[in-house]
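Below is one structure, written out as structure tokens; comments come after it.
The values are calculated or read from the model by the stated rules, or taken from the named source; none is laboratory data. As the structure is a computational prediction, the values presented were derived from the model and not from experiment. Methodologically, a virtual Cβ is constructed for each residue, glycine included, from the backbone with ideal geometry; neighbour enumeration extends over all protein chains shown.
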Amino acid sequence: AQTVTQSQPEMSVQEAETVTLSCTYDTSENNYYLFWYKQPPSRQMILVIRQEAYKQQNATENRFSVNFQKAAKSFSLKISDSQLGDTAMYFCAFMTATASNFGNEKLTFGTGTRLTIIP
Amino acid sequence: KAGVTQTPRYLIKTRGQQVTLSCSPISGHRSVSWYQQTPGQGLQFLFEYFSETQRNKGNFPGRFSGRQFSNSRSEMNVSTLELGDSALYLCASSRTTGGRADEQYFGPGTRLTVT
């Protein structure tokens, strides 16, 4: 079974600063996907960024980037130039990938990090 | 394109009752997954449906069940409600093209309160 650990329950940072959220995971699989999801207060969960384990290059999406260390099973999220709209719960999630990925549409989530951007 | 919709958004039930929650996926999405979110247990996977078949199931008692219709809409049912079933129930849909994990798009959730 896979596990995902987020060791920072809460973080806060000044607007325009850079913040890094940590995530570690445990799996015996070699092929998998990692995701960061954002859940703003009382709003829908949305995908921030995804990483495929077979890709060595770290994923980036505008101000969001990841540091994926496969050997260390670490997957941190960096938010640059943080904005008030980044205030949310952030969840790290894992999904197994098989050859067909059939029957594996299951996300395993970490416990989340509550990020507050201070004006 | 309309997003994932869930009905009802809020629900209050008493212990022992049963409840049915509904999820309409994004048009063209064939996979629907359900998750339970609570402050104590976090986000936990309930089950996933594809083409009207349950492909994957989480570690929940048999009181939790679901189904998917031919139009990919899905329902989940909880029978004999317990206080611990109070939670936000999230539905997510994806295209599931096969061979590659597609992004899961989440609905706004149904907030179930059991009294």
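As for region B:28-40, it holds at least one residue that is surrounded by 15 or more Cβ atoms within 10 Å (Cβ to Cβ), part of a strand (DSSP E or B) and more than 10 Å from chain A (Cβ to nearest Cβ). Residues considered: B:Y49, B:Y89. Of these, the only one that is at the interface with chain A (Cβ under 10 Å from one of its Cβ atoms), crowded, with 20+ Cβ neighbours inside 10 Å and not β-branched (V, I, T) is B:Y49. For region A:51-69, the candidate set comprises residues that are under 16 Å from A:S80 (Cα atoms) and surrounded by 13 or more Cβ atoms within 10 Å (Cβ to Cβ); within that set, the residue that is nearest to the other protein chains (Cβ to nearest Cβ) is A:A59. On the stretch given as region B:92-115, residues that are part of a loop (DSSP other than H, G, I, E, B) and within 14 Å of chain A (Cβ to nearest Cβ) total 13.
Restricting attention to region B:45-76, the residues being outside any loop (DSSP other than H, G, I, E, B) and within 11 Å of the chain's Cα centre (by Cα) number 13.
Yes or no, residue by residue, for (1) closer than 26 Å to B:L88 by Cβ; (2) within 15 Å of the chain's Cα centre (by Cα); (3) modelled with pLDDT of 95 or more:
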{"position": "A:S22", "(1), (2), (3)": "yes, yes, yes"}
{"position": "A:E29", "(1), (2), (3)": "no, no, no"}
{"position": "A:R43", "(1), (2), (3)": "yes, no, no"}
{"position": "A:V48", "(1), (2), (3)": "yes, yes, yes"}
{"position": "A:F64", "(1), (2), (3)": "yes, yes, yes"}
{"position": "A:K73", "(1), (2), (3)": "no, yes, yes"}
{"position": "A:S80", "(1), (2), (3)": "no, yes, yes"}
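Quick check on my filter: what residues within region A:5-47 are aliphatic (A, V, I, L, M) and under 19 Å from B:G42 (Cα atoms)? Give the steps one after another, and end with the answer.
Taking region A:5-47 and keeping what is aliphatic (A, V, I, L, M), we get A:11, A:13, A:16, A:19, A:21, A:34, A:45-47.
Those that are aliphatic (A, V, I, L, M) and under 19 Å from B:G42 (Cα atoms): A:M11, A:L21, A:L34, A:M45, A:I46, A:L47.
Scanning region B:52-85 for residues that are in contact with a Leu (Cβ under 6 Å, 6 or more places away or on another chain) and touching a residue at least 40 places away in the same chain (Cβ under 8 Å) yields a count of 1. When you check A:V48 against the structure, is it surrounded by 13 or more Cβ atoms within 10 Å (Cβ to Cβ), β-branched (V, I, T) and within 14 Å of chain B (Cβ to nearest Cβ), yes or no? Considered against the rule, which asks whether it is surrounded by 13 or more Cβ atoms within 10 Å (Cβ to Cβ), β-branched (V, I, T) and within 14 Å of chain B (Cβ to nearest Cβ), A:V48 comes out as yes. For region A:25-41, state whether one or more residues are of a type in the set (D, E) and over 16 Å from B:Q104 (Cβ atoms). Yes - at least one qualifying residue is present in region A:25-41. Taking region B:1-27 as the range and being closer than 20 Å to B:S51 by Cα, assigned to a loop (DSSP other than H, G, I, E, B) and of a type outside the set (S, T, N, Q) as the test, the residues that pass are B:G3, B:V4, B:P25, B:I26.
Just to be sure, is A:E105 crowded, with 16+ Cβ neighbours inside 10 Å, more than 14 Å from the chain's Cα centre (by Cα) and either in a strand (DSSP E or B) or at pLDDT below 95 (or both)? Yes.
Just name the residue that is surrounded by the most Cβ atoms within 10 Å (Cβ to Cβ) out of those in region A:14-34 that are closer than 13 Å to A:K78 by Cα and in contact with a strand residue (DSSP E or B) (Cβ under 7 Å, 6 or more places away or on another chain).
To start, the set of residues in region A:14-34 that are closer than 13 Å to A:K78 by Cα comprises A:16-23.
With the extra rule that they be in contact with a strand residue (DSSP E or B) (Cβ under 7 Å, 6 or more places away or on another chain), the set shrinks to A:18-23.
Working: A:T18: 11, A:V19: 19, A:T20: 15, A:L21: 22, A:S22: 17, A:C23: 27.
So, considering only residues that are closer than 13 Å to A:K78 by Cα and in contact with a strand residue (DSSP E or B) (Cβ under 7 Å, 6 or more places away or on another chain), the one surrounded by the most Cβ atoms within 10 Å (Cβ to Cβ) is A:C23.
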